[in-house]
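The values are calculated or read from the model by the stated rules, or taken from the named source; none is laboratory data. What you are looking at is a predicted structure, and each value in this text was computed from that prediction instead of being measured. Because the Cβ atoms are built from the backbone with ideal geometry, glycine has one as well, and the counts that use them run over all protein chains shown.
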Amino acid sequence: MTLASLAAFAGLCLILSLTPGPDTFLVLRIALKRPSAGIAAAAGSAVAAIAWAALVGVGLAAILEQSAEVFRWLKIAGGLYLLYLGISGFLKTRKAAKEGLQGGAEAGDVRYSNLAGLGAGALSTLLNPKVGLFFLAVVPQFIPEGGNTMAAAMILGVVEAVIAFAYLAVVALIAYKAMALLRRPKVSTGVERVSSGIIAGLGVGVIASGASS
């Protein structure tokens, strides 16, 4: 594998990262309340990307490519998870607002722990069929013929993970800094609900796409 091919692959990964998707909105929503949890979610997404690369390396991803039914159910599972994240986030903000949380927590202030953020980021990427499709379609093109397939796939997976983590970590920090200027409870709750709605909407779209395919 040459440096030129690695650079080309890194460019594709950057384009993938810059395209807003479920992972971006999830990290954004989590980081609005706790930047460290948002960065943890970014790390979880990166780890899951390496897991996708490993699947390609051992040949399991080929099963998904050949079985439309398996891929369809993966899409539906990912959509259901996104829908759950969106609805649960919206319900939590309503509950928090009604209870009028005090003591450093504003109304509508829903916080993730670092571990919860890590898990949410990992699950979001693992169940995101677009990430799987990216690895299925692109990664094999950069694996040298006759070389060590597993090693090459893992190197490419690490490249994608580093780029994705760097981008999402920046998103998390910018989101928190911007929110620090808009600490009014109504604004905080509104942003939380809008981002939850976007995530839920993405989930519905993925479910509909999977059900119709």
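Suppose we keep only residues that are within 15 Å of G11 (Cα to Cα) and either without any contact (Cβ under 8 Å) to a residue 24 or more places away in the chain or part of a helix (DSSP H, G or I) (or both) within the stretch 138-154. Which one would you say is nearest to the chain's Cα centre (by Cα)?
Of the residues in the stretch 138-154, the ones within 15 Å of G11 (Cα to Cα) are 138-139, 141-142.
Still in the running and either without any contact (Cβ under 8 Å) to a residue 24 or more places away in the chain or part of a helix (DSSP H, G or I) (or both): 139, 141-142.
On the way: V139: 19, Q141: 24, F142: 23 Å.
Once the filter is applied, the top-ranked residue is V139.
The set of residues in the stretch 15-36 being buried (at least 24 other Cβ atoms within 10 Å of the Cβ), at pLDDT 85 or above and more than 11 Å from the chain's Cα centre (by Cα) consists of I30, A31. Output yes when any residue across the stretch 166-181 is farther than 16 Å from A41 by Cα, loosely packed, with under 14 Cβ neighbours inside 10 Å and either of a type in the set (D, E) or modelled with pLDDT of 70 or more (or both), and no when none is. Yes, that holds for at least one residue.
Yes/no matrix, rows are residues, columns are (1) at pLDDT below 70; (2) farther than 18 Å from V139 by Cα; (3) not charged (D, E, K, R):
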position: A43; (1), (2), (3): no, yes, yes
position: A46; (1), (2), (3): no, no, yes
position: G57; (1), (2), (3): no, no, yes
position: L64; (1), (2), (3): yes, no, yes
position: L82; (1), (2), (3): yes, yes, yes
position: K92; (1), (2), (3): yes, yes, no
position: G100; (1), (2), (3): yes, yes, yes
position: G104; (1), (2), (3): yes, yes, yes
